Amino acid sequence: MSRRVLVVPVLVLASAAAVPPPVQAAPAAVTAPAAGTGHWSVAPGPDGGWRVRWTAPAPLPVGGDRPALVGAGPSVPATVATDGRTVVADVATVAPPDPADLDVVLGGDRLDEPGYDLAPGGTGAGQRGETAAPTGTPLPTDPAAEGPYAVTTSDYELAPVKVRGLPKPVEMVGHVVEPALDADTGPRPLVLLLHGRHGWCYDPTTGASSYADTWPCAAPQRELPNHLGYDYLQQRLASQGFATVSIRANGISAQDGARLDGGSAARADLVRRHLAHWVDLAAEHRLDLDRVVLVGHSRGGEGVDRAATETPSDAPYRIAGQVLLAPVDVAAHAAPHVPTVVALPSCDGDVSDLQGQRYVDTARDVLADDTALRSAVMVVGANHNWFNTEWTPGTAVAAARDDWQGAPDEVCGRTHPDRLSPADQREVALGLVTAATRLFTGVDDGGLPLLDGSGAALPSVPGADLRSHAIGGGRDVRRPGADAVPTAGAVLCRGSLLDGAGGRACGRDVGYAVTPHWRTDLDLWPTRTFLEARWDAVSAPTVVGGLRLDRPLDLSTDRLELRTLLDPDRGAVSLRVRVTDGAGRSADLDPLTGVRVTPVPAPPGTGKVWAQAVVVDASSRPAGPGTDVDLTDVREVGLVAVRGDGRVWVADVSAAPAGLAAVEPGAVPRLDLGQLPARREGAPPRGTDDDTRTVRVPWTLTAPSQTPLRFAVGTVGVGVGATDRGRSSVVVVPPGQTSGTVPVTYTRDRRDDYHVEVAVSAYPLRGLATGRSVVTARVLDDDPLPRFRIHAPRRTITEGEDAVFRITVTGGRDYGLYAVPVVQKVADGRGLRVGDLPAAWVRENVFDTDPTQPLWKAGMHISRELGPRQRVLDFRVPTRVDREREGVETLAVDVLIRHLRVRLVVRVRDAEPR
């Protein structure tokens, strides 16, 4: 299959009204062998539509990403059954989906296709053979150097607690590493670490993880010590004077598989409970709880960010910053006034879309007075798992794996020179976490060049390619389309992969690529506007576009930063930056890291469109042309192509001060959506055929605002047929208002129809944060149900005649019904074989065409639709005269329609000899 693979946030699709089954047994499934690996089945769903299952040959990996079914309209969220191998999704199409058109996607990989294939058919940078760019100058002092303090280790286990949204209690377990209590450290900042979603039980004999959806672990299974996987970070931080605790969240991982928020609320709840526990221990452990740093990995990243968002201003502790390692960001939100560093592994085979970038992009626009630094660091050659030693082969007590599963010699493969070893990846994590922690707690800012786009290297791993960009921290930002307009040669585009409503898409003709700044056509979180410049075969320096600013930038003491994205299909570019003042005087400046900007290395068939910092220091330019430019009055910023061809996009330009601005915590209203109970449709007024009505999903703010607030609302799943790819709108909240509703419309009628289920998502735009950001609204159809009669008009036929199975429906309905016959095994073994049916019919309707194969085993796949006005449907299975004396054979069929399952038997006797 050659279509683009898309992984999107949770979508909840329409389901059909229930029909009580006449028999207790569940409907059998229509089965089909997969084209690649695993096995598909499709059966009527519990509320109409279709339940699709795909069973893998071996247990699936458990990680931060969630499986999705693609190919049946919008991507459909899926869950993993308790066997750890079967992916289950409900699809609200009218016709049963064809497994040949479906894929199961997890971590970007199509699991049902052979091999590791992120996506087919791309022409990204990986095919150009790009390798990592030369690394920058190592920092003069290693932020991760061993500190002077002896450390001590301890563990605690408190009574399990109930956390939001989960039925069973969750453990309260912490692994503590801190300086010796008698060490003269002064007040000690506290660093709390939270792991992500991984296996939670394992067999100590075999090391195999159990992914059964059970909790707690049952003997002989033991809990997997996921929280111990960051002990190397804790040891180093403790030696530098920080107290650390790594908490275990296995009870959440075991229960969050079907949570709309991915378990972020539960993880945030657990984090705050542990912090509350440490409030009572602060004096004993010499803690400074005004300097708490949170470190979250994978789903733990969204958990700690939500904990920071929901921490009240009067809490007995303050979140001074957070470090997020390969995080998820299902809600596309960011904690306000909280300095944040996001590490994005270029070889992440789990959260492969690098969605953690949203923590930076979202924060840029939400609060005008938020001076917290937001930094994104691309760690070239790192994967998802190896930040945690318990997720790494060779150091884990249970089975572990490399989440990147591509060819060993390709980019990201284990033998490729750009790939980091587990030890080097952990050294990078040490550098980033210690640099950020020291920065956020005011110890020193020596590690800032790792985080702000300066291109510095770590002394401990000088060969590691670390690329970064930042917003906030006192930067004066200009945004394309909002604070600046394009100059000649450049255009504005919408941050999306595909064209659609809202204008020209930046990625409209980009080959398959990972695009964390842009959304797919199925995402609902808000898009942003970018500057696009494109040029061909430049042989001399040429201005290829730029931005005219709505107000001047002052670069007399600040440096200029451009967050610049490269087209992976065109590869590296050579660029200078032109600055022009209000009098029209210009100067061309070389970036600090050189004129050549290279794409992030990517495997064949894909690319990574990610913003690298192009940084120039105008104040240090040498004497010569352009020295008379008034750097206090820069009005235009242009791109100068030095040679060759290329295409780039610019997310924004900033004047960045040498030091970080102070962070002033502020009270920010938090938006929470309310969950409505399911409501019944109700009859329309007499004399009308239909009537549009509205369900109103409530929202509340934790505090009023003196200025207007804005948030985006996305809804998806309204109606049946999975044709609604989602809608989005903007809600403006007037000053002083603290509650309201989001309308969801539906149509009432008097005929049986499908239930309507819709997911409502809220995304912050201006002046607020989000907490509970995803809920569902459900409207139950309550019209009279249709009545069915299912029978075989003739119970005995002769070879050469058709076996007929008839369905008769009475009662009004507004939907088509699909019926499926499934051949069953006959107890006496005298069932029809494939060879008993005409060969031409077999080729069209049977998976296995071997004439000797029993028909029940060969997989007959015929289905028919009864349209909304159709009353009678006949299934016909033709038989063949084979001129053999076989006696009476049997065709037993289960006819499936909605929740009904009726077994019909037709006997086939030999034809009379001629």
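Here are the numbers for the structure shown:
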| read-out | value |
| --- | --- |
| FRET efficiency, ALA537 to VAL485 (Cβ-Cβ, R0 25 Å, nearest 0.05) | 0.40 |
| Fraction of antiparallel bridges per DSSP, region 476-656 only, in percent to nearest 5 | 95 |
| Residues with amide H under 5 Å from that of ASP783, placed H, sequence gap 5 or more | ASP753 |
| Residues MET172, MET860, sorted so that the one with the fewest Cβ neighbours within 10 Å comes first | MET172, MET860 |
| Inter-centroid distance (Cα atoms) of region 689-714 relative to region 452-519, Å | 31 |
| Segment THR692-THR632, length gained on full extension (0.36 nm per residue, minus Cα span) | 15.8 nm |
| Three-way shape label, region 143-278, alpha-carbon gyration tensor, a/c 1.5 | prolate |
| Environment charge at VAL731 (Cβ cut-off 12 Å; Lys +1, Arg +1, Asp -1, Glu -1) | +2 |
| Environment charge of TRP699, counting only residues whose C-beta is closer than 14 Å and scoring Lys/Arg +1, Asp/Glu -1 | +3 |
| Two-decimal Rg to Rh for region 775-914 - Kirkwood Rh, Cα set | 1.06 |
| Centroid-to-centroid separation of region 572-647 and region 525-545 [C-alpha atoms, Å] | 12 |
| Ranked LEU701, LEU281, criterion: other C-beta atoms within 10 Å, fewest first | LEU281, LEU701 |
| Note, ³J(HN,Hα) from phi for region 184-200, Karplus 6.51, -1.76, 1.60, rounded to Hz, x at Gly and Pro | 7, 9, x, x, 9, x, 10, 10, 10, 10, 10, 7, x, 8, 9, x, 10 |
| Distance between region 196-259 and region 366-392 - C-alpha centres, whole angstrom | 20 |
| Sequence ranges 809-818, 193-202, 354-363, ranked by mean other-Cβ count within 10 angstrom, highest first | 193-202, 354-363, 809-818 |
| Residue exposure sequence - THR441, THR770, THR808 - by fewest surrounding Cβ within 10 Å | THR808, THR441, THR770 |
| Alpha carbon convex hull of region 221-355, projected area averaged over orientations, nm² | 9.3 |
| DSSP beta bridge pairing in region 151-471, given as percent antiparallel to the nearest 5 | 45 |
| P(r), alpha carbons of region 476-656 - 5 Å bins starting at zero, rounded % | 1, 9, 17, 21, 20, 15, 9, 5, 2, 0, 0 |
| DSSP-defined beta bridges in region 490-566 - what % are antiparallel, rounded to 5 | 75 |
| Relative contact order [Cα under 8 Å, 6+ residues apart], region 151-471, whole percent | 15 |
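Coordinate-derived values only; no laboratory data. Since the model is a prediction, treat every value here as computed from it, not as a measurement. Every residue, glycine as well, gets a Cβ built from its backbone with ideal geometry; the counts of neighbours run over all protein chains shown.
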